[in-house]
Amino acid sequence: MVESVVVEVITRERQCKPEDVNMDTRLSDLGIDSLQAITILYELEERFEIEIPNELMENLETVKDIVSSINKIRQPDTNS
């Protein structure tokens with residue numbers, strides 16, 4: 001589910017086809033600059049009701065990085 005929402009948000013922002021976006025697609029290959037990345041991540045934060053820390057945002061290079069980060073944030077902390 002996370003992957004499909006991420007792809008949906010990216011394709012809408014970049015106005016590209018879903019088949020142009022897969023887990024290994026680099027954001028830079030889609031022409032996503034830092035401002036567009038922030039816009040995409042803000043929308044994802046709203047959709048998943050999470051907060052993506054700035055430290056994580058700086059290291060997101062691929063669609064897989066975004067999906068993995070969201071999954072990690074949404075996963076309950078089992079070490080508490």
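Rule-based calculations on the coordinates, nothing more; no lab input. Predicted, not measured: the structure shown is a model, and the values here were computed from it. Here the Cβ is made from the backbone with ideal geometry for all residues, glycine too, and neighbour counts use every protein chain on show.
Things worth noting here:
- In the stretch 2-74, taking the dipole from charged Cβ atoms about the Cα centre, the farthest positive-side position among Val7, Ile66, Leu27 is held by Val7.
- Between Asp33 and Asn54, the distance separating the two model label sites (each 7 Å from Cα on the Cα→Cβ line) works out to 2.1 nm.
- Contact order relative to length of the chain, as percent, for alpha carbon pairs under 8 angstrom and 6 or more apart: 38 percent
- For Thr62, the residues 5 or more places off, or on other chains, whose built amide H falls under 5 Å of its own are Leu27.
- In the stretch 1-56, trypsin sites (Lys or Arg not before Pro) in a DSSP loop with at most 12 other beta-carbon atoms within 10 Å: none
- For the chain, modelled as a GNM whose springs connect Cα atoms under 10 angstrom apart, the maximal fluctuation among Leu35, Leu60, Leu44 occurs at Leu35.
- Karplus 3J(HN,Hα) series, Hz, for the stretch 47-52 with 6.51 cos²θ - 1.76 cosθ + 1.60 (x for Gly, Pro): 5, 9, 6, 10, 10, 8
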